[in-house]
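Read-outs throughout are calculated quantities, based only on the coordinates presented, and are distinct from any laboratory measurement. These numbers were taken from a predicted model, which means no experiment stands behind them. Every residue, glycine among them, receives a Cβ derived from its backbone with ideal geometry; neighbour counts consider all protein chains shown.
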Amino acid sequence: MNKLKLYGTPDSPEIYPIRDFLKRSVVAFDWVDISHDNLGLAHGITALNNVDKHPVIEFPDGETLTYPTLELIAKKLGWINKPKYKEYDLSIYGAGAAGLSAAVYAASEGLKTILVEREAIGGQAGTSSLIENYLGFPEGISGAELAERARQQALKFGVEILLLKEGIKGTFSDNRIYVDFASGEKLVARSNICATGIEYARLNLPDEHRFFHKGVYYGAGASEAFFCQDKDIYIVGGGNSAGQAASYFSDFAKRVFMVVRKGNLCDTLSEYLVKRINNTSNIFVLYDSQVTALDGDDYLRKIKIRNSQDGSEGWHETSKLFICIGGKPNTDWASDTAICRDRNGYLYTGNDVMGLERYHEVWNLERPPYHLETSVPGSFAAGDVRFNSVKRVASAVGEGAMAVTQVHQYLAKL
């Protein structure tokens with residue numbers, strides 16, 4: 001099968017979301033740099049008038065799209081669907097490790113299941129260049145490849161997958177969840193699992209938004225590795241995602257600098273990654289440090305870093321800054337519902353629901369909530385979005401499967 005061809009300029013903020021989406025979706029494509037070829041004439045795209053150098057995708061059937069949205073690309077690939085049924089046994093929101101696991105187990109056990117994802121399959125795990133401590137993959141596996149295998153497995157069992165769908169409003173009544181999508185469709189299910197995960201936090205610096213996709217990226221950004229050749233790049237964060245990104249980028253970049261708030265990596269990073277980072281000659285860890293300012297023209301050119309130990313501060317030239325720090329759960333949708341969250345937005349489940357002062361106000365059943373059940377009966381949570389969850393791929397997969405077991409228990413008692 002012929003590959004897609006993606007035409008664009010390497011540093012264009014328009015090209016990064018497309019490149020990232022294709023990479024996370026494990027769609028093979030050839031990259032063509034048209035920085036010095038406005039119309040793409042040297043590459044055979046004679047029908048395009050693209051003097052502004054917008055991204056262009058050429059599909060294997062010859063069709064081209066100039067400056068396409070992700071939705072248009074997904075539609076052309078056959079990934080944009082509408083719900084087939086008026087009602088489902090289970091709706092799952094978020095196609096990261098927890099959501100994919102839940103979908104596979106639910107459908108394989110006969111539940112009419114639909115999986116909804118507003119971005120790309122895989123969630124945060126899907127952006128990881130390599131996951132090495134997941135059971136069964138001694139050589140490791142990329143997050144995108146693991147997610148793609150799970151997607152195929154889910155489809156094999158009959159899961160419906162809705163991509164690039166954002167819900168406007170979700171309501172609970174009559175032992176069901178009703179969701180209105182921005183696209184106008186409606187979705188009804190007898191039970192649901194929230195596996196919407198978390199987003200990487202921002203640094204909240206002046207000009208941070210101005211340099212978004214123009215040198216500032218959130219997450220591991222594996223799709224950018226090729227464009228970091230012989231450059232100095234900076235990664236903010238000391239967790240496993242930051243450590244894996246540093247290790248991966250070290251094969252491309254001239255030097256990789258990890259900017260870490262703490263004075264060591266051992267508290268936040270798996271031991272095997274600590275050893276690898278310490279043994280990689282072009283990875284440098286800036287301890288007790290944080291980025292305090294950004295500067296540049298149309299693109300990021302330098303960052304200011306402050307050391308909290310001695311108070312020193314200085315500018316460092318770079319055009320690539322990857323931010324991989326603790327995030328915020330994707331639970332804004334729950335603000336108008338009876339689902340209880342902690343002050344940071346994480347969903348309370350099971351015993352944590354029972355520990356709330358207003359437990360008897362929010363829970364009116366004789367039985368206690370199941371371990372992964374929220375304060376709304378029949379609504380479950382799995383993975384990073386859940387209060388006090390373990391932020392690891394393996395635990396998210398386990399919770400997804402466990403949530404399905406409890407969904408069965410819930411549905412059996414309706």
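A compact table of results
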read-out: Point-to-point label distance, GLU139-ASP61, nm (Cα→Cβ direction, 7 Å offset); value: 3.5 nm
read-out: Highest average packing first - 368-380, 297-309, Cβ atoms within 10 Å; value: 368-380, 297-309
read-out: Reciprocal of mean inverse Cα separation for the stretch 216-323 (Kirkwood radius, Å); value: 13.8 Å
read-out: The stretch 196-272-the stretch 381-414 distance, computed between alpha-carbon centres (Å); value: 29 Å
read-out: Qualifying aspartates and glutamates (Cα of each under 14 Å from Cα of LYS84; at least 8 residues distant if same chain); value: GLU160, GLU185
read-out: Options (1) 33, 26, 23; (2) 37, 28, 19; (3) 52, 27, 18 - which one matches semi-axes √(5λ) of the Cα gyration tensor in Å as calculated here; value: (2)
read-out: Local electrostatic count at GLY62 - Lys and Arg +1, Asp and Glu -1, tallied over other residues with Cβ under 15 Å; value: -1
read-out: Helix axis angle, 143-156 relative to the chain longest principal axis, alpha carbon, degrees; value: 40 degrees
read-out: Distance from the stretch 98-120 to the stretch 349-366 (C-alpha centre basis), Å; value: 27 Å
read-out: Counted charge near ALA382, where neighbours are those whose Cβ lies closer than 12 Å (Asp, Glu -1; Lys, Arg +1); value: -2
read-out: Partners for LYS391 among lysines (Cα-Cα distance below 16 Å; same-chain residues under 8 apart left out); value: LYS328
read-out: Amide H partners (placed H, <5 Å) of THR349, local residues excluded; value: PHE387
read-out: Projected label distance in nm at LEU356 and GLU71, using a 7 Å step from Cα toward the beta-carbon; value: 3.3 nm
read-out: Rounded to 10°, Cα long-axis angle of helix 240-249 versus longest principal axis of the chain; value: 30 degrees
